[in-house]
Amino acid sequence: MEGDHNGHGDRHGMPPGQDKSSGHDAHDKHAGHSPSMFRDKFWLSLVLSVPTLVWSPSVQEWLGFTAPDFPLSQYIPVFFGTAVFLYGGLVFLRGAIGELKDRLPGMMTLISLAISVAFVYSLAVTFGWPGDPLWWELATLVTIMILGHWIEMRSIGQARGALKELAKLLPDLAVRIGEHGNEEVPVAELRDGDLVLVRPGASVPAWRGERGPERGQRIHDHGRVAAGRENCGGVGGCGHGQRLGLAPRRGHSYR
């Protein structure tokens, strides 16, 4: 069994040790992202979208108003729509490039395709291609997608904080039962299949998978053992210990 000591864990706030061969984990779509970055992008994109909407002929017709008319005012949606695309949409374009390099197109690729098609089409219409430009649709789409990713990043940050607090509940040392008696070792040195002594009322240092301790052990009070089904004098019996696998702990994961 090999230990993966990558303290960063996975990208979505999941515990380290998750299977990184899965498509969901192949590319870090949130690398370098933060709630504050998306917050700033959202508010500025929202401000830039307002002129795009106000001077859009379609919006004026639907809402029954006329925007101020002055020389080159017809290009205001072009200017501000392009600014929103370049400023707010760049993060999606970069994410799509990473997904395509990994041959795992996902949400970033889908968003990038939508905003890129809208941008190229609107630009072509502006310079003579027949049709109606989509500048206000482009600006609002980018702004809404940034808002969604801002909320997502906040949720990921809160989940990571909860996992860090949960990791603090795990003990630093464990009593490992060996051929020559018991020895107290750091939890990071445990390996799958080790026999660990967990006394009643003590914290469980490690377990296999996501279900927690096996063979009917009952856990309460943040992972402390209350009682257990006897297995060769298990936790609820003579106290010889319970054979447990490992779960990730404080930046260490094993599989």
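Miscellaneous remarks
- In this rough spin-label picture, where each label sits 7 Å from Cα along the Cβ direction, the Trp62-Ile144 distance is 1.0 nm.
- Segment Val50-Val120, length gained on full extension (0.36 nm per residue, minus Cα span): 23.1 nm
- Segment Ser34..His180, full-extension length gain: 47.5 nm, with 0.36 nm per residue of separation and the alpha-carbon distance subtracted.
- Remark on Leu134: its backbone amide H falls under 5 Å from those of Ser122, a criterion applied only to residues 5 or more positions apart or on other chains, H modelled at 1.01 Å from N.
- Multiplying the residue separation of Arg199 and Lys101 by 0.36 nm and subtracting their alpha-carbon distance yields 30.2 nm.
- FRET efficiency for the Phe70 to Arg191 pair, using the beta carbon distance and R₀ = 51 Å, is estimated at 0.10.
- Chymotrypsin sites (Phe, Trp or Tyr not before Pro) lying in DSSP loop within region 100-206, provided at most 11 other Cβ fall within 10 Å: Phe127
Taken together, the values in this text are just the output of simple stated rules run on the coordinates, not laboratory data. Computed from a predicted model, the values in this text were never measured in an experiment. Counting neighbours? That spans all protein chains shown, and the Cβs are built from the backbone with ideal geometry, glycine included.
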